[in-house]
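Step one of this worksheet: look at the structure below.
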Amino acid sequence: MSAGDTWQKQLCATILNEHSNWTERTRVLIRAVGMEVRGGVLSDSYRRLNSVEILTAFIREAGRQGAVVSDAYMNDTKVWCETILPSPIEIPTHKNGTVIIFAGARFSTSDYGNGSVDMRSFLLNGACLNGVVRESVMRQVHLGARLPDSLALSWKTYELDTQTTVSAVCDLTRGLYDRDTIMQKAIEIQGASEIDVDFDKEIKGLVQKGALLKNEGREVEKLLMNNNPEDGVTGGATLWKLAQGITAFARGGNSPNAAGSCMRFQGS
């Protein structure tokens, strides 16, 4: 609304003012850099973590596991970084040929309320660069105990809280790059390659659930029918091939809904 027409901006201001007048909250936290407000109005329980230290810990620990930085982004309110193992992993499957993947981990956070502390692993198909994102292993919302009135105590709490998060990030990063963890991902891919699916039925189901729009479903069907190895789509009609068809479409940047498949191969 704040970016809309005049009436929308006025309505937006009215909603915010009415909410502020009726809320029982007496204190809020404003996150600012110099004279610029970047955090809006946050809860006074918002945890003030130092993202520089946490992100640095993630990159260093990933490096100790043999990974390198592959991509990163930062704006005024959030930051994310991806690391990846440079050596490919070859996974033989019975119905979809040999799958070549690269294993990686992604960390993102915001000091200004624009996202939680989040870390998750991902797989990159070496043949087509299709990306498959796994579930988050750390989604830590920046909320904690009510901030005390003592500024000295608040700063001490801030430092200790950051160090706790740094320790957790290091542990989780080691876990994501653990050999057993990566082998488990390979087994899941092999398992998905053994599950036969009806593409027409599955795509219709995704459209009905709102996971894909109708035109997106048609585009995914085209990719599956083309059976192009350069799209990572080859072999029999399996759950793995369906996932690759969806990620191949998402890779083109045409779909806000299909931007990366969550790797849950236990069920279709």
inquiry  = Taking the criterion of being open to solvent by less than 40 Å² (accessible area, probe 1.4 Å), of a type in the set (A, V, I, L, M, F, W, C) and either part of a loop (DSSP other than H, G, I, E, B) or at pLDDT 95 or above (or both), would at least one residue in segment 67-75 satisfy it?
reply    = yes
ask   = Checking Ser255 against (1) on the phi < 0 side of the Ramachandran plot; (2) at pLDDT 90 or above, which single condition isn't satisfied?
value = (2)
message = Just to verify a result, which residue in segment 138-169, among those that are open to solvent by less than 20 Å² (accessible area, probe 1.4 Å) and either over 24 Å from Ser51 (Cβ atoms) or assigned to a helix (DSSP H, G or I) (or both), is modelled with the lowest pLDDT?
response = Ser154
message = Condition check: without any contact (Cβ under 8 Å) to a residue 24 or more places away in the chain and under 27 Å from the mean Cα position of the chain (by Cα). Does Thr56 satisfy that?
response = yes
request  = Starting from residues that are modelled with pLDDT of 90 or more and open to solvent by 20 Å² or more (accessible area, probe 1.4 Å), keep the ones in segment 227-245 and report whichever is farthest from Phe199 (Cα to Cα).
outcome  = Gly235
message = I need the full set of residues from segment 83-98 which are over 14 Å from Leu239 (Cα atoms), modelled with pLDDT under 95 and in contact with a helix residue (DSSP H, G or I) (Cβ under 6 Å, 6 or more places away or on another chain), in order please.
response = Ile91
request  = Kindly list the number of the only condition in (1) modelled with pLDDT of 85 or more; (2) open to solvent by less than 20 Å² (accessible area, probe 1.4 Å); (3) in a helix (DSSP H, G or I) that fails for Ala250.
outcome  = (1)
query = How many residues does segment 170-185 contain that are surrounded by fewer than 19 Cβ atoms within 10 Å (Cβ to Cβ) and in contact with a helix residue (DSSP H, G or I) (Cβ under 8 Å, 6 or more places away or on another chain)?
reply = 4
inquiry  = For Leu29, only one of the following conditions fails: (1) free of Cβ contacts under 8 Å to residues at least 60 places away in the same chain; (2) within 20 Å of Tyr158 (Cα to Cα); (3) assigned to a strand (DSSP E or B). What is its number?
reply    = (1)
remark   = Within segment 186-226, residues open to solvent by less than 70 Å² (accessible area, probe 1.4 Å), farther than 19 Å from Ala248 by Cβ and in contact with a strand residue (DSSP E or B) (Cβ under 9 Å, 6 or more places away or on another chain) come out as Ala186, Gln190
inquiry  = Testing Phe58 on (1) surrounded by 11 or more Cβ atoms within 10 Å (Cβ to Cβ); (2) more than 13 Å from Ser108 (Cα to Cα), one condition comes back false. Which one is that?
reply    = (2)
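The values are calculated or read from the model by the stated rules, or taken from the named source; none is laboratory data. In this text, all values refer to a predicted model and were calculated from it rather than measured experimentally. Heads up, the Cβs are rebuilt from the backbone with ideal geometry, glycines too, and the neighbour counts pull from every protein chain shown. We work out accessible area using only protein heavy atoms, side chains counted, and drop any ligands, DNA or RNA first. Shrake-Rupley method; radii C 1.70, N 1.55, O 1.52, S 1.80 Å.
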